[in-house]
Amino acid sequence: MAQEPDNGRNGHAIETEQLWRVYRSGVQEVSALRGVDLQIKFGSFITLKGRSGSGKTTLLNCIGGLDRPTSGVVNVFGRNLMELSEDQLTHWRRKQVGFVFQAFGLLPMLSAYENVELMARIAGVRSKERRERTMHCLDLVGLQKQAQHRPYEMSGGQQQRVGIARALVNNPQLILADEPTGELDSTTAREILALFRSIVDEENMTLLVASHDALLDAYVDRVLELKDGQIVDIH
Ligand code: ADP
Ligand code: MG
């Protein structure tokens, strides 16, 4: 496992304590997370495994500040996210977290370059730096030659590389990926996982990937198993 800097809360990038997320609609209640206690080290590559409905997406969203837990503590890089206002949370998320999605989530009318650059634009990065960072990130994922291609001109694996470049463009400390290989064949999935591994090792990032794909095990530092909203195994 990579050496981790000791500059977070107890040296952990992510810590949750008794995290609950209860969805309510009318009289119906679903407890998607039921007291999750979690500690993730800086610079580690972790997979969150579990069947559909086990709470993986909910947990990623709570850690990334896209969703609010019902109760408990979620601490990321020393910030207790529960204490941030909506505006503070949005600002924090743009700087600190990159998201990667199963269906890539690219804008179809924009080129690879424009899809990546847009995220830096939203974060308020000035044009010269934006251009440099965009090219650097496309380079990192091996797509410098495809910068002007639109999503429909690229394979699934290439589109996911654009998705990863977009997640990296604002230099986040944390990448959260929800089923990032779900739409890819196994050869392409392996290429994406190897890319993730090298990004974690070389860019000193923490990466959390939700997936039910057994392929992940060979690439990650640790596997966390989620069942019915609880961590049932760590190996
Ligand atoms: P996973 O990503 O592992 O498939 P989810 O986090 O999406 O699991 O879902 C966990 C549980 O929470 C499931 O029972 C799901 O039906 C429920 N759930 C997820 N999102 C919502 C929502 N917005 N409203 C109500 N229930 C939800
Ligand atoms: Mg999910």
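The values are calculated or read from the model by the stated rules, or taken from the named source; none is laboratory data. Remember, predicted model here, so these are calculated numbers, not experimental data. Note that we place each Cβ from the backbone using ideal geometry, even for glycine, and neighbour counts take in every protein chain shown. Accessible surface areas use protein heavy atoms only, side chains included; no ligands, DNA or RNA. Shrake-Rupley method; radii C 1.70, N 1.55, O 1.52, S 1.80 Å.
Miscellaneous remarks
- Residues with amide H under 5 Å from that of ALA13, placed H, sequence gap 5 or more: ILE40, LYS41, PHE42
- Sum of side-chain charges, THR58 neighbourhood, beta-carbon under 10 Å (Lys, Arg +1; Asp, Glu -1): +1
- Sum of side-chain charges, LEU215 neighbourhood, beta-carbon under 13 Å (Lys, Arg +1; Asp, Glu -1): -2
- Using R0 = 25 Å, the C-beta based FRET efficiency linking ALA218 and ARG51 works out to 0.75.
- Accessible area of the chain belonging to carbon and sulfur atoms, whole % at 1.4 Å probe: 46 percent
- Entry note, the chain: the mean residue ellipticity at 222 nm calculated from DSSP H runs of n ≥ 4, each adding -39500 (n - 2.57), is -10000 deg cm²/dmol after division by the residues and rounding to the nearest 500.
- Amide H contacts for ILE231 (H built 1.01 Å from N in the peptide plane; partners 5 or more residues away or on another chain; cut-off under 5 Å): ASP37.
- Averaged per residue, the chain has 49 square angstrom of accessible surface, using a 1.4 angstrom probe with ligands and nucleic acids left out.
- Take every pair of alpha-carbon atoms less than 8 Å apart whose residues are at least six positions apart; their mean separation over the length of the stretch 12-234 yields a relative contact order of 30 percent.
- Residue by residue, the stretch 203-220 carries 3J(HN,Hα) couplings of 9, 6, 10, 9, 10, 10, 10, 8, 6, 9, 7, 5, 4, 4, 3, 6, 10, 9 Hz when phi is fed to the Karplus relation 6.51 cos²θ - 1.76 cosθ + 1.60 (θ = phi - 60°); x denotes Gly or Pro.
- The stretch 32-91, relative contact order in percent, only Cα pairs under 8 angstrom and at least six apart counted: 23 percent
- Protection proxy ranking, peptides 134-141, 163-170, average beta carbon neighbours within 10 Å, highest first: 163-170, 134-141
- Under 30 Å of direct C-alpha separation, and excluding same-chain neighbours fewer than eight residues apart, LYS95 reaches these lysines: LYS41, LYS49, LYS56, LYS128, LYS145.
- Backbone geometry of the stretch 123-128 corresponds, through the Karplus equation with coefficients 6.51, -1.76 and 1.60 at θ = phi - 60°, to 3J(HN,Hα) couplings of 7, x, 6, 5, 4, 5 Hz, x marking Gly and Pro.
- Phi-derived couplings, Karplus 6.51 cos²θ - 1.76 cosθ + 1.60 at θ = phi - 60°, listed residue by residue for the stretch 111-116: 6, 3, 4, 5, 4, 6 Hz, with x used for Gly and Pro.
- 12 Å beta-carbon shell around GLN102, net charge (K/R +1, D/E -1): -3
- If you sort the three axes of the alpha carbon gyration tensor as a ≥ b ≥ c, you get a/c of 1.5 or more for the stretch 177-235 and a/b no higher than b/c, which makes it oblate.
- Backbone amide hydrogens, once placed in the peptide plane, bring ASP67 within less than 5 Å of CYS62, excluding anything fewer than 5 places away on its chain.
- Fraction of antiparallel bridges per DSSP, the chain only, in percent to nearest 5: 60 percent
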